[in-house]
Amino acid sequence: MTISEEKLSAFLDGEVSEDEGRAIEAALADDPDLQASLEALMAADALAKRDFAAMAEEPVPLALATAIQNAPDGAPANISTPPRSGWVIAASVAVALAIGGGTGFLLGQNSPTQVAQTGGWLADIADYHAVYARQVRHLVEVPADEADHIQTWLTGTLGADVRIPDLSVHGLTFQGARLLVAAGRPVAQLVYTDADAVVVALCQIGTDTPQKAFAEQTIDAFDMVTWGGTDSNFVVVTDEGRTDLTAIAETAARQV
Amino acid sequence: MSTELKRDLITLLPRLRRFARSLTRSVPEADDLVQDTCLRAIGRADQWDRSQPLDRWAFRIMRNLWISEVRKRAVRLGQGHVPAEDSDELRTTETGEAMVALGEVQSHIAALPSDLCSVLLAVSVEGYSYAEAADLFDIPIGTVMSRIHRARKTLAAQMSDPKDGAHDH
């Protein structure tokens, strides 16, 4: 029986009948060329799976997640496709927001003031948390072992002193940092995880009018505790309903 | 219902973007398509059968939206009403240059044309059977088999000659 290469591919996918499968296995045992063809297809498939997996790990543009989260309920079922120019504008904002290839925000290509004009910075932080707390391989932009660089980089970007508090007393391990944009301003996001890999983020934004006292609130099911420092406002955020979030905030506040 | 649907769609975003990119072969267009897909799903939340996987429902919405867009463009470009699979739109960025230019993942699959890439993704990664993929893409099962094989052969050729295709990571 002559085995076509297409059938070989289908064999790889388990899409041949039992009889065909037996015939292919028998042919493979006797035909080194056929075996080599199968191995080449398997290698190609493994390559595709690897590339597709990498694609799914790319960070999602915040603008996209926000658009979905803010979509009105019962939106018209018949969407009229916007003109291409509209798509291009939307895309340029998304690109400005995209954190791709570990390069972080593509700041400088578009003014960050185009984004996050409503709802204050905490709503944006909640949106970020919804997206990034689920990242595994790309949880942070700069890893914890570059702590010195993180502090220099984010201090320079925010125009406010950024320090990395030790929160190990709460079982939290510093994983690294991201630069975000919220309410049109740069935000330092320091990312911590607990023993169960649940993310707790400490975010800092420079301000001339820092908040005076600690405050707890919940936005989009994310618990937050906010406070103000010398020239910054801070928030710790998590989505797991921790009972010690205020204590974490107090520990952080003593060190920042 | 809508809040739950939005949350689940946001969770699906990485896979929706990937499927959209396999269809459009362009990152900006993919994100537009994902957004339209999610808005359409939210608008039709009452049609969401929660006994069925949300991803498959969303993929179907996305595929239908994309085919509709392709047909509209074909008409605008003066090709008349052609079958979507025959439209130039599905063949214009076979080199994946648009994706590479945007600095996203530079991969071997970027060099696959849409009709091969999307079917390969559905079957090899998303777990569709050939029959399910045939239903999703509205093509015969034999065409599914043929496209998957051509996709793998194209990738295999790239592996044996890295210059003949996309860049490595």
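The values are calculated or read from the model by the stated rules, or taken from the named source; none is laboratory data. What you are looking at is a predicted structure, and each value in this text was computed from that prediction instead of being measured. Reconstructed Cβ throughout: ideal geometry from the backbone, glycine too, with neighbour counts over all protein chains shown.
Taken over the stretch A:26-41, the criterion of being closer than 25 Å to B:SER22 by Cα, more than 9 Å from chain B (Cβ to nearest Cβ) and touching a residue at least 24 places away in the same chain (Cβ under 8 Å) is satisfied by A:LEU38 alone. Taking into account only those residues within the stretch A:1-25 that are away from chain B (no Cβ under 11 Å) and in contact (Cβ under 8 Å) with a residue 24 or more places away in the chain, which is nearest to B:TYR128 (Cα to Cα)? Applying the filter and picking the extreme gives A:ILE3. Can you name every residue in the stretch A:152-184 that is within 18 Å of A:ILE205 (Cα to Cα), out of contact with any Pro (no Cβ under 7 Å at 6 or more places or on another chain) and either of a type in the set (Lys, Arg) or crowded, with 17+ Cβ neighbours inside 10 Å (or both)? If the condition is that a residue be within 18 Å of A:ILE205 (Cα to Cα), out of contact with any Pro (no Cβ under 7 Å at 6 or more places or on another chain) and either of a type in the set (Lys, Arg) or crowded, with 17+ Cβ neighbours inside 10 Å (or both), then A:TRP153, A:LEU154, A:ALA160, A:VAL162, A:ARG163, A:ILE164, A:PRO165, A:ALA177, A:ARG178, A:LEU180, A:ALA182, A:ALA183 are the ones that fit.
Scanning the stretch A:190-202 turns up no residue that is without any contact (Cβ under 8 Å) to a residue 24 or more places away in the chain, assigned to a loop (DSSP other than H, G, I, E, B) and among the β-branched types (Val, Ile, Thr). Among the conditions (1) surrounded by fewer than 23 Cβ atoms within 10 Å (Cβ to Cβ); (2) at pLDDT 90 or above; (3) not aromatic (Phe, Trp, Tyr), A:ALA188 misses just one, which is (1). Pairing residues of the stretch A:50-76 that are over 15 Å from A:TYR132 (Cα atoms) and more than 7 Å from every other protein chain (Cβ to nearest Cβ) with residues that are modelled with pLDDT under 90 and in a helix (DSSP H, G or I), at Cβ distances under 6 Å and at least 6 apart in sequence or on separate chains, gives no pairs at all. What are the pairs, 6+ residues apart or on separate chains, where a residue within the stretch B:30-47 that is touching a residue at least 24 places away in the same chain (Cβ under 8 Å) has its Cβ under 8 Å from a residue that is in a helix (DSSP H, G or I) and among the hydroxyl-bearing types (Ser, Thr, Tyr)? If the second residue must be in a helix (DSSP H, G or I) and among the hydroxyl-bearing types (Ser, Thr, Tyr), the pairs left are B:LEU33/B:THR24; B:ILE42/B:SER2; B:ALA45/B:SER2.
Out of the helices (runs of 4 or more DSSP H) lying entirely within the stretch B:22-132, which hold 1 or more residues that are within 8 Å of chain A (Cβ to nearest Cβ) and either surrounded by 15 or more Cβ atoms within 10 Å (Cβ to Cβ) or modelled with pLDDT under 85 (or both)?
B:27-43, B:54-76, B:114-120
Scanning the stretch A:233-256 for residues that are among the hydroxyl-bearing types (Ser, Thr, Tyr) and either part of a helix (DSSP H, G or I) or in contact with a Leu (Cβ under 7 Å, 6 or more places away or on another chain) (or both) returns A:THR238, A:THR246, A:THR251.
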